[in-house]
Amino acid sequence: MRFSQDFAPPGRRTRRPGRGRPGPGGPAAPGRPRGPLGALTAVLALALLLAGCGGSDAGTPAAKSPASAKAAADRVEPLADAPKPRLPVTVKSADGMEVTVTSADRIVPLTGGLSEIVFTLGLGERVVARDITTTFEQAAKLPVVTRAHDVSAESMLSLRPTVVLAETTTGPAEAIEQIRDAGVPLLVVDPAKELTDVGRRIETVSAALGVPDAGAALDARTRSRIEAAKKSVPADDGKKPRVAFLYLRGSASVYLLGGRESGAGSLIEAAGGVDAGKESGLKKDFTPITSEALAKAAPDAILVMSKGLASVGGVDGLVKIPGVAETPAGLDRRIVSIDDGVLLNYGPRTDQVLDGLIAQLHPKGGAAK
């Protein structure tokens, strides 16, 4: 979610595509969480069920910030000239398989981040389905072939895809196996967790679809825009704001604090901040919010996804979560909100995410309220 951004925090889903291969940490049954995070994964699965997984959470809409990245996140910006795939190509899948793609006429990307890359490469007209986390306007009318994060192999195969793009978190494993058994080329792409992953993912997807030149052009454009965004960070005055990333789903009472592996740290640092969860010693991706953990993190600002903020009743509801009001961020009501469908994609719109973060973390005239 790297993970699916809209409805579950990164790292929570540990199933790996393929034929029951064990992932890091030893063997596990397909689709089953491993290790001490299993109970938390189960809670999140329940959260998805209760929230309906329909793309929006119940709750009072969050107060809109003029610096929000939401408006910019509604559409992707394809390259000027749609490329023509040069196929066949054989590429290495992240799950160890060699995948030969012979046609890119009917593409199914199974995460919002992968969909963003395909559309921005100029291949959107070839996409025949989407997953629930693909929320931008150009893809809105496509049929959805996932429920929560689980792929419906039958629904997908009925659309006659010629190539499927997945991530290491896509599942269940049985569905991935069914798709491959049907003879459909399926490429698994490693998820993204930091800015350095942006170029790698663009290169991987463009190579698999037979448009490496378009991939190089998109990579160059994306890197240029990210660097321009980073240059807008005000000069360091000696104190960078400490930013805590909170994952919220109020409709299911899921409140998590991001740590070193949350995926947000690279963005926070590029925007001129300090990842408060990471700096407070949280080594996992997420941990349940407690007053003690928040006090140790001591954030000056809190970063949330927009739907998560809405699900707890906006800023007024957020500060009622135990421990939030006592932090510097809670006292100042300094909340940074970025759209779910773009925040952690680490794709062609990452510059927009950084622009929104920077504008809200370093507003002219004082702290964001």
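Details
- The trypsin sites (Lys or Arg not before Pro) found in segment 253-303 that occupy coil by DSSP, while having at most 11 further C-beta atoms within 10 Å, are K283.
- Restricting the trypsin sites (Lys or Arg not before Pro) of segment 133-226 to loop positions (DSSP other than H, G, I, E, B) with no more than 11 neighbouring Cβ atoms within 10 Å leaves K141.
- Cα centroid separation, segment 142-172 to segment 67-138 (Å): 13 Å
- Over 27 Å (Cα to Cα) - which of K278/K307; K193/K231; K141/K284 fall in this group: K141/K284
- Projected label distance in nm at A140 and L331, using a 7 Å step from Cα toward the beta-carbon: 4.3 nm
- Solvent exposure ordering (accessible area, 1.4 Å, most first) of E279, E227: E279, E227
- Each residue, S253 and T102, gets one label point 7 Å from its Cα in the Cβ direction; the gap between the two is 5.5 nm.
The values are calculated or read from the model by the stated rules, or taken from the named source; none is laboratory data. In this text, all values refer to a predicted model and were calculated from it rather than measured experimentally. Don't worry about glycine lacking a Cβ; one is built from the backbone with ideal geometry, like all the others, and counts go over all protein chains shown. With ligands, DNA and RNA removed, areas are computed over all heavy atoms of the protein, side chains included. Shrake-Rupley method; radii C 1.70, N 1.55, O 1.52, S 1.80 Å.
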